[in-house]
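Structure record follows, encoded as structure tokens.
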Amino acid sequence: MLLSKNRGVFASLCLWSILFLSVNAKTKKKDETQSMNDIYRGRCASRCLSLHSTRIATLSKQSQVENNGSLGWCQNHKQCAKCLEPCKASWDLKRSQCRELCARSIPKKHWECVTSCEFLRSVVAVKQGDCPAPEKASGFAAACVEGCEEDSECPAKKKCCSNGCGHTCQPPKNLYKGAPLKPRKELSFEELRSGQMEVSWSSRFNVSAEPVIYVVQRRWNYGIQPSEDAATQWEVVAQTTEVKARLADIRAGRWYQFRVAAVNVHGTRGFTTPSRHIHTKKDPSSPPTPSELRVSNVTFGPGGRAVSVRLHWSIPSDLDVPVHHYKVSWSWATGSTGATARPKTKRRKMVNGGQRYVELESLRANRSYSVELQAVSYWGQNPLKSPKASLHFTTRPNPTVVRYRVQWVPDYCGHNQTKGVDKIITQEGFASLPGLLFSCKYSVNLQPLGTKGRAQAETTFFFTPSCATISAKSPKHIACPGQEENLTASFMADKGNITAVFTWEVSTPLPPQQLHGFQERNVLVVSGLQLATPYRLEIQVIGAGGEGPATTKTFYTPNTSPVLQHRRERESEREMM
């Protein structure tokens with residue numbers, strides 16, 4: 001059993017290793033292919049400068065060649081620029097023939113463009129170096145097979161060469177014949193006040209008669225620390241005839257590496273080894289506000305009331321620091337102004353930084369909502385937050401639901417009153433429930449009445465406050481069950497014991513059957529009180545309609561012991577919440 005499990009783990013590790021190596025191999029091959037295309041275009045540009053070398057030499061003596069040296073002059077010269085047109089990275093030689101491509105870019109007199117395009121085609125088809133003599137082939141290279149037809153079918157620097165009885169991929173001879181020497185591997189970097197980065201290098205002495213084009217490539221990775229494993233593919237950032245290049249698009253929050261290749265019409269000896277990692281001194285910026293926040297899809301759940309909404313948004317991909325996650329909050333909006341509900345009623349969600357959408361579940365049909373979206377990045381432990389994007393939208397009514405039946409009934413009430421089931425039918429997404437009792441717990445049942453069968457009902461409950469609570473908060477007068485008035489107290493002392501007699505009146509008399517407690521009289525006798533002691537009395541009417549406001553009175557018993565002491569005080573009332 002254990003052996004079988006270990007074999008399974010080993011097999012899984014082997015599979016992951018194979019997949020990892022396969023992905024790395026594909027990435028490396030794509031990187032090499034792109035780099036070779038950059039070299040081909042450099043050879044194309046070098047040829048154009050060679051054709052106009054006499055004029056360039058004259059202008060150089062007159063100090064009229066500036067801005068990227070002779071290559072900059074060529075880009076601004078009418079005829080030389082026609083020659084450079086196919087050397088641009090935007091040209092795709094696989095789409096059409098050279099004449100058609102040039103005619104689209106240069107309608108008239110495009111012969112320089114055509115010859116330059118044909119040269120570039122030949123460079124792509126035929127790799128640097130010469131094929132060895134057929135009799136020099138050995139090993140598999142000497143096999144009588146048709147192993148290839150073009151140089152592009154051979155890996156790395158090998159060429160498709162004849163061996164006398166077939167064609168195989170073979171290492172070429174004279175690989176670097178006529179190619180310029182590599183620049184020195186030490187590259188220098190200077191961050192200018194303008195925000196640009198100047199990259200410079202030293203060239204070796206070259207005996208090449210053809211102009212030399214320097215192809216500058218870079219790669220980068222996000223993060224606090226440099227990482228070659230997490231770096232992008234190499235990309236061209238400059239072609240120049242000078243030994244320096246100024247780059248404007250250096251971003252904070254990234255580690256950069258550079259390398260340089262010297263190229264002429266014959267080819268190149270390759271790129272320098274990658275430079276040390278560098279980064280700008282600027283702090284990275286927070287992500288921008290997410291844009292184009294919109295509702296892209298709405299779906300209705302079972303019963304017709306639960307709604308799911310999908311939101312989409314956009315954000316630039318080329319940020320200083322990638323988005324780590326998005327914070328989404330939403331709540332129902334009230335009124336015509338779209339004012340949001342209290343913060344406690346807001347719902348929140350976090351979305352992975354690689355996502356550009358979110359699903360909001362359990363919304364209600366025919367209701368307005370307010371959404372806020374914020375992008376969050378991290379630089380070390382410090383969060384970088386974008387300004388919030390907001391969206392107001394209204395969910396539409398479910399087309400399959402025509403009406404709603406709303407039923408409500410009190411489960412129990414604080415004053416033991418009961419009432420039957422009430423119901424209404426409505427087409428709206430809300431309902432007002434009339435005739436509720438105070439101090440009760442109600443159950444509410446909502447039944448969608450649709451055109452497609454019977455939908456599932458939903459039930460909820462709520463509590464109604466007491467009449468006294470509503471009366472205390474309402475700006476208008478509310479007639480609650482009777483309120484006590486003219487509360488009086490009288491005292492009698494007998495052998496050190498105090499007896500109190502309390503009387504009161506009710507402002508709104510009620511039938512006896514609607515009152516609880518002392519129904520037959522408005523008097524209360526309390527014995528056994530102590531001399532010279534404060535007491536607090538609270539009286540409240542409790543009727544079938546609920547509880548009335550409480551009336552309180554604080555009084556002091558006499559500090560002497562007469563045979564009879566009568567005391568009458570005017571009431572001191574205070575409503576209790």
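Being part of a loop (DSSP other than H, G, I, E, B), in contact (Cβ under 8 Å) with a residue 12 or more places away in the chain, closer than 21 Å to T33 by Cα and among the aromatic types (F, W, Y) is the requirement here; does Y214 meet it? Before you say what the answer is, go through the steps one by one.
Values: part of a loop (DSSP other than H, G, I, E, B): no; in contact (Cβ under 8 Å) with a residue 12 or more places away in the chain: yes; closer than 21 Å to T33 by Cα: yes; among the aromatic types (F, W, Y): yes.
Here the answer is no, as Y214 does not meet what is asked.
Given the structure, is A493 within 30 Å of L531 (Cβ to Cβ) and at pLDDT 80 or above? In short, no.
Give the residue that is modelled with the lowest pLDDT, with candidates limited to residues of segment 157-173 that are outside any strand (DSSP E or B) and within 55 Å of the chain's Cα centre (by Cα).
Filtering first and then ranking leaves K157.
Could you tell me which residue of segment 95-124 is nearest to the chain's Cα centre (by Cα), considering only residues that are closer than 16 Å to C44 by Cβ and part of a loop (DSSP other than H, G, I, E, B)? Here the residue is I106. Filtering segment 135-144 for residues that are of a type outside the set (K, R), crowded, with 20+ Cβ neighbours inside 10 Å and outside any loop (DSSP other than H, G, I, E, B) leaves an empty set.
When segment 146-156 is filtered for residues that are modelled with pLDDT of 90 or more and surrounded by 12 or more Cβ atoms within 10 Å (Cβ to Cβ), the ones remaining, listed by number, are G147, C148, E150, D151, E153, C154. Annotation: E100 fulfils all but one of (1) in contact with a helix residue (DSSP H, G or I) (Cβ under 6 Å, 6 or more places away or on another chain); (2) surrounded by fewer than 20 Cβ atoms within 10 Å (Cβ to Cβ); the unmet one is (1).
Within segment 146-194, being small (G, A, S) and touching a residue at least 60 places away in the same chain (Cβ under 8 Å) holds for A156, G178, A179. Here the condition is being buried (at least 18 other Cβ atoms within 10 Å of the Cβ) and more than 21 Å from T33 (Cα to Cα); of T272, T241, T268, it holds for T241 alone.
List the number of the failed condition for Q233; all other conditions in (1) buried (at least 16 other Cβ atoms within 10 Å of the Cβ); (2) under 31 Å from the mean Cα position of the chain (by Cα) hold. That leaves (1) as the condition not met.
Against the test of being in a strand (DSSP E or B), out of contact with any Phe, Trp or Tyr (no Cβ under 6 Å at 6 or more places or on another chain), crowded, with 17+ Cβ neighbours inside 10 Å and among the hydroxyl-bearing types (S, T, Y), the options S362, S370, S390 yield a single qualifying residue, S370.
Within segment 89-103, residues that are on the phi > 0 side of the Ramachandran plot reach no partner that is among the acidic types (D, E) and exposed (fewer than 12 other Cβ atoms within 10 Å of the Cβ) with beta carbons closer than 6 Å at six or more positions or on different chains. Consider E228 carefully, then state whether it is outside any loop (DSSP other than H, G, I, E, B) and farther than 23 Å from G42 by Cα. No; evaluated as a whole, the condition is false for this residue. Report yes if some residue within segment 183-204 is over 44 Å from the mean Cα position of the chain (by Cα), modelled with pLDDT under 95 and among the aliphatic types (A, V, I, L, M); otherwise report no. Within segment 183-204 (the criterion being over 44 Å from the mean Cα position of the chain (by Cα), modelled with pLDDT under 95 and among the aliphatic types (A, V, I, L, M)), the answer is no, since none of the residues qualifies.
The values are calculated or read from the model by the stated rules, or taken from the named source; none is laboratory data. All values derive from a computational prediction rather than experimental measurement. With ideal geometry, Cβ positions are generated from the backbone for all residues, glycine too; neighbour counts draw on all protein chains shown.
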